[in-house]
Amino acid sequence: MRGGRRLFALVKKEGLQIVRDPSSIIIAFVLPLALLFLFGYGISLDAKDIRLGIALEDEGWEARDLTAAFLGSPYFRPLVSPARRELFPRVVGGDLKGVLVIPHGFSAALRSGQPGRAAQVQLATDGAFPNTGSMVQNYALGLISQWADGGSTGGESVSVESRYWYNSELESRYSLLPGIMAMIMALIGTMLTSLVVAREWERGTMEALLSTPVSALEILLGKLIPYYLLAIFSAFFSLGVAVGFMGIPFRGSLFMFFCVGSLFMLSALGQGLIISTAAKNQYIASFAALLSAFLPAALLSGFIFEIDSMPPFQRFIAAMLPARYLVACLQTLFLAGDVWGVLIPNMLKLTAFGVFLLGVTLRKTSKRLF
């Protein structure tokens, strides 16, 4: 009887503790909803409206008929041009996922009907995203085969030469490793910064620091600089392991790698300080950092699931994540090199995010100081 009362008292105490602790309610209800929303509605592995360039260099009706087959397919959103040189730069910039070249003499080769003279087309796809590149190739080959079998070509007169740009072996780790490095920088910049400041509040040392004559800017810099250096060191260490030990190609410059990483750390450190200022508790700060920075960056930055395959609302959310632009820069540096048309716009967006978040942090800290 007495044991039952003690058990009831313990259950009641724990129940009251859960009600009084908002973080427990958030973990029990908000996190599952967030995961269900992201995985159930935000991620789609179906490829539709693939942006494909078609270099229509042949003027015969057969070439135009093949182009019309791609224009009428629900899987492709073709961009037709008379010259391949106008389309390949768009693959480098990420606007197109591949280019189908229908060269001069394609229609004449089909009309000849000679067994040894196959009408050749060339299909070049972006191997930076191996799954998408393989999917584009399979869809295009299937459509060409269906067009050849259903027309007057005999079904055996079209030969496709396939190539994967930047990642010819379709190694998924070539595109995943840059994304993982982005997650490492997000983890160090956001989570650890939020924890270390929250720890100051829990232990009561932040009040002692605020009572000193130091300014709010000095406090921020004192917190930012050590974790900035740690994150940059970790990024270069990860780069050395990826290139030297794992054999991942790196075609960009170390200076651009440093610049991109530094710009991203502005936003990551600023976000971590905002979380710690609002939470003042390590447990809540770690959960808030995981939910607001690490988890969305892992799912919506584009290094696992391609952003173009997401619904419009999720693409809008992805556009608000600094990690989305860091992943684009790192994948470009690793696989393509210093492509300014890709790096400069993403670096400008990272700068804007960093300045905004650090400005918000400084303003909130100033209010609490004075």
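The values are calculated or read from the model by the stated rules, or taken from the named source; none is laboratory data. None of the values given here were measured: they were computed from a predicted structure. Don't worry about glycine lacking a Cβ; one is built from the backbone with ideal geometry, like all the others, and counts go over all protein chains shown.
Some notes on this structure:
- Meets criteria (surrounded by fewer than 20 Cβ atoms within 10 Å (Cβ to Cβ) and either more than 22 Å from LEU357 (Cβ to Cβ) or in contact with a Cys (Cβ under 9 Å, 6 or more places away or on another chain) (or both)) for PHE305: no
- Residue check for PHE294: touching a residue at least 24 places away in the same chain (Cβ under 8 Å), farther than 19 Å from GLY94 by Cβ, touching a helix residue (DSSP H, G or I) at 6+ places or on another chain (Cβ under 7 Å) and among the aromatic types (Phe, Trp, Tyr): yes
- Per the listing GLN282, GLN271, the residue uniquely over 18 Å from LEU330 (Cβ atoms), among the polar types (S, T, N, Q) and either outside the structural domain of PHE356 (by TED's automatic domain parsing) or at pLDDT 80 or above (or both) is GLN271.
- Residue identified as assigned to a helix (DSSP H, G or I), basic (Lys, Arg) and modelled with pLDDT of 85 or more among ARG363, ARG315, ARG324: ARG324
- Verdict on THR351 being surrounded by fewer than 23 Cβ atoms within 10 Å (Cβ to Cβ), hydroxyl-bearing (Ser, Thr, Tyr), in the same structural domain as LEU263 (by TED's automatic domain parsing) and on the phi < 0 side of the Ramachandran plot: yes
- Screening GLY359, GLY354, GLY341 for residues that are touching a helix residue (DSSP H, G or I) at 6+ places or on another chain (Cβ under 9 Å), closer than 18 Å to GLY252 by Cβ and of a type in the set (Gly, Ala, Ser) leaves exactly one candidate, GLY341.
- Residue within the stretch 256-274 that is in a loop (DSSP other than H, G, I, E, B) and out of contact with any strand residue (DSSP E or B) (no Cβ under 9 Å at 6 or more places or on another chain) present: no
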